[in-house]
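The values are calculated or read from the model by the stated rules, or taken from the named source; none is laboratory data. For clarity, every value in this text was computed on a predicted model and none was experimentally measured. Neighbour counts are summed over all protein chains in view; Cβ atoms, including those assigned to glycine, are modelled from backbone coordinates with ideal geometry.
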Amino acid sequence: MFRRALAEGSRERQAVLAAVAALGFSCVMTQLALMRECLAAFAGNEMVLGVVLGLWLCLMGLGAALGRLSGRSPRSLALLGLALHLVALAPLIQVFALRTLRDVVFTRGAAVGLNETVMSILVLLAPYCLVAGGALTLACVILGRWEGAGAIGRAYFADTLGSIAGGALFSFVLVRALDHLALLIVPALFCLLAAAALSYVEGKSGLGLATVGLGMGLGLAAVWGDLDGLATRLQYPHHHILTRANSPYGRLVVLETDGALNFLQNGVPWVTTRDDQRVEETVHYALAQRPEAGRVLLISGGISGTAREILKYNVRQVDYVELDPLILELGERHLPERLSDPRIRAHAQDGRLVVRQTKEPYDVILLDVPAPASAQLNRFFTAEFLAEARRALTSDGVLSFSLGQYENFVSPDLARVLASAWQSLEGSFRNRLMLPGGRVFFLASDGPLHTNIADRLEQFGIPTRLVNRHYLEAMLTADRMADLQRALDHPSARNRDFSPVLYYYHLRHWLSQFDHRIGPLQIALLAALVFYLFRLRGCGVVLFASGFAASALEFVLLLGFQILCGSVYHQVGVIVTVFMLGLALGAWWANRRLGAGGAMGDRRALRRSAVALGLYGLSLPLLLPRLAQAAEAGPPLPLIKFFIALLTLILAAAVGLQFPLAGRIEGGGTAGVAARLYTADFMGACLGALLASTWLIPLLGVNGVCWLCAGLNLAGAAVFHFRKAVS
């Protein structure tokens, strides 16, 4: 009888660990898919990503705290199975809700402000995150029957393994082959399979068979149904949908409206075939400076017609680079005439790497990238990149880019954007010029620059539709030119790789369009956060600090990787996967040594890990500039990638080993302990994710964020040691 009970307990334990792994698998895939969907539904800038990730972690922490209530139930296995069912089905409903209700709740085509975005995402994520967070606490309580104080560590390790599998499968396999709805059926099947296993060990085979049947129905829907097509038609009811596809960089939709084609990437208009003003301004302001140019580099925007427009000049070669190969593929499918000339050479590469590695200089470099609404795009407006662009040009070559929408008024926020870009050009180019077109165009060169664009176009016989003498005389008036010059007097800072202030200025400019005053709800949330932080005790202080550092410093490393190695999505995906692998290795090591040094040994190890994270934060500001210097000196790029991956692994391992140690110290077999530790970890990661990417790095720079993380972890170690010593 004892052996039979032991065997049944082993099966239950394995089923619960499988359920936790399925939760981790589902959470990471759902998070990645919903982040892309929220970008499409809302503003399309990095603020939305910060809001999604921050609210996700906050709600998971709240769910973990509420999970202590479910831990008292005698039917805990049944509750865990129910949670898995909800986690399986909720993401599909969330995607449908995002696509169909956005234009019902808000005015179609209108931008949505920050407050409305936060509230919408909060309502959207709450059901899934609260259930998933509560399920983690519940699983720890169930595992506590066999694992005792080691339950939290085992659950954390299983959750991390599931996250590794989900993140890698999403980034490297599924996102290429499946749409978001079909993709989300994959983690749903894993969750339902784990729920069926729980039903089986409970002796409820009928419920298990019903769960398997539900999973088979979802599988058939993925194979034979067209859920994504239905949701997309509901999302764009007044357009003819030509193509919808996923790439590693986002969701692409090609729409036809009144004969015009619009390419949307993550909901943001990327290319339109009826934007002659934008195309002609992008090309002719720069090429009119050097109409004899032989080689031109065009970074992004080529399928809009820009690459073809360049050919009106007698150029020998146009190198057109686009980061996302799917944009080139769809451009060649729907607009083959835009790229058919043999002088146009299209490449799916990172534009910054092309500029850095080119051997033959260009006469003109055109940046037709969107505004710096993210750290990824900000890389093309930093002083370091502009210096690289100067080295990639001939002696009198011209660089051109644009920022902002100018309609006879320069607001203070737009003035900061323009002044920062102007200062960032200083030191790399002897001559700079701003032209007030539909956007503000920046021209830079060591050779002469001209404002008489119309004269030069007529002199060289360049035909244009809109950017002609009448248009230019209306745009380039003395008062508009003087307006831009006055904008340069606004205080601003140079935009640098590791201090991306232009991204922050652009974010402020975007926010200035809305009423974003703090309301009662925000005040209540802030008060609740302050109250929670004040009540943090024991291991929770250490886990909060490490969670903050994990999110913030991972973003620092990703930013450094993009700057030094280029934004090659799969390689960035490798860095994220390495981070999750480090978490698993740290948790595995901590689980193996649990109890080896007794309670004092665990406390000492936790304190040392917090100190190590603090020293790590202090070392990054010294290491990253050295890596940047090494990248300029030209060592093998794989060596730099390996070093950043190693730094990522060390950070994650130090963070990952803390959770099992804290669970052992706190006696992690109870719902209260599991809830408290998970909540501390999630809340720290929430603030790190929300603040680092959107405010702290632009305001404090990379060095300031690293020092802040170091200070938090050293303070956490001191508080943990002092309070224990006093007690």
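Brief remarks on what is shown
- Residue ID - surrounded by the fewest Cβ atoms within 10 Å (Cβ to Cβ), chosen from residues in region 104-139 that are in a helix (DSSP H, G or I) and β-branched (Val, Ile, Thr): Val104
- Matching residues in region 284-321 - criterion: being under 32 Å from the mean Cα position of the chain (by Cα), of a type in the set (S, T, N, Q), farther than 15 Å from Ile462 by Cβ and not in a loop (DSSP other than H, G, I, E, B): Ser304
- Top-ranked residue of region 287-319 - restricted to ones that are of a type in the set (S, T, N, Q) and under 13 Å from Leu339 (Cβ atoms), ranked as modelled with the highest pLDDT: Thr306
- Enumerated helices (runs of 4 or more DSSP H) restricted to region 461-567, each holding at least 2 residues that are at pLDDT 90 or above: 469-475, 478-487, 501-511, 539-565
- Contacts under 6 angstrom Cβ, first residue in region 77-95 being assigned to a helix (DSSP H, G or I), partner among the aromatic types (Phe, Trp, Tyr), 6 or more apart: Ala90/Tyr128
- Check on Gly148, touching a residue at least 12 places away in the same chain (Cβ under 8 Å) and on the phi > 0 side of the Ramachandran plot: yes
- Scanning region 244-259 for residues that are surrounded by fewer than 19 Cβ atoms within 10 Å (Cβ to Cβ), modelled with pLDDT of 85 or more and out of contact with any Asp or Glu (no Cβ under 9 Å at 6 or more places or on another chain) gives a single hit, Glu256.
- Residue selected from region 632-658 under the condition surrounded by fewer than 22 Cβ atoms within 10 Å (Cβ to Cβ) and in a loop (DSSP other than H, G, I, E, B), by the criterion modelled with the highest pLDDT: Pro636
- Scope region 413-439; condition within 22 Å of Thr477 (Cβ to Cβ), surrounded by fewer than 22 Cβ atoms within 10 Å (Cβ to Cβ), touching a residue at least 60 places away in the same chain (Cβ under 8 Å) and not small (Gly, Ala, Ser); matching residues: Trp422, Arg439
- Among the residues listed as Arg439, Arg432, Arg416, the single one being out of contact with any Ser or Thr (no Cβ under 8 Å at 6 or more places or on another chain), among the basic types (Lys, Arg) and either closer than 18 Å to Pro370 by Cα or modelled with pLDDT of 95 or more (or both): Arg432
- Of all residues in region 669-678, none are under 22 Å from Ala375 (Cα atoms), modelled with pLDDT under 85 and not small (Gly, Ala, Ser).
- Val253, sole failed condition from (1) more than 23 Å from Gln376 (Cβ to Cβ); (2) β-branched (Val, Ile, Thr); (3) not in a loop (DSSP other than H, G, I, E, B): (1)
- With respect to the stated conditions, Leu435 fails to be of a type outside the set (Val, Ile, Thr), over 16 Å from Trp510 (Cβ atoms) and assigned to a helix (DSSP H, G or I).
- Test: residue in region 39-46 that is aromatic (Phe, Trp, Tyr) and at pLDDT 85 or above: no
- Odd one out for Ser492, checked against (1) over 30 Å from Val705 (Cα atoms); (2) crowded, with 17+ Cβ neighbours inside 10 Å: (1)
- In region 207-265, the residues that are in contact (Cβ under 8 Å) with a residue 60 or more places away in the chain and of a type in the set (D, E, K, R): Arg244, Arg251
- Matching residues, region 220-243, being in a helix (DSSP H, G or I) and either more than 29 Å from the chain's Cα centre (by Cα) or exposed (fewer than 15 other Cβ atoms within 10 Å of the Cβ) (or both): Leu220, Ala221, Val223, Trp224, Gly229, Leu230, Leu234
- So Arg345, is it assigned by TED's automatic domain parsing to the domain that holds Gly438, at negative phi and surrounded by fewer than 20 Cβ atoms within 10 Å (Cβ to Cβ): yes
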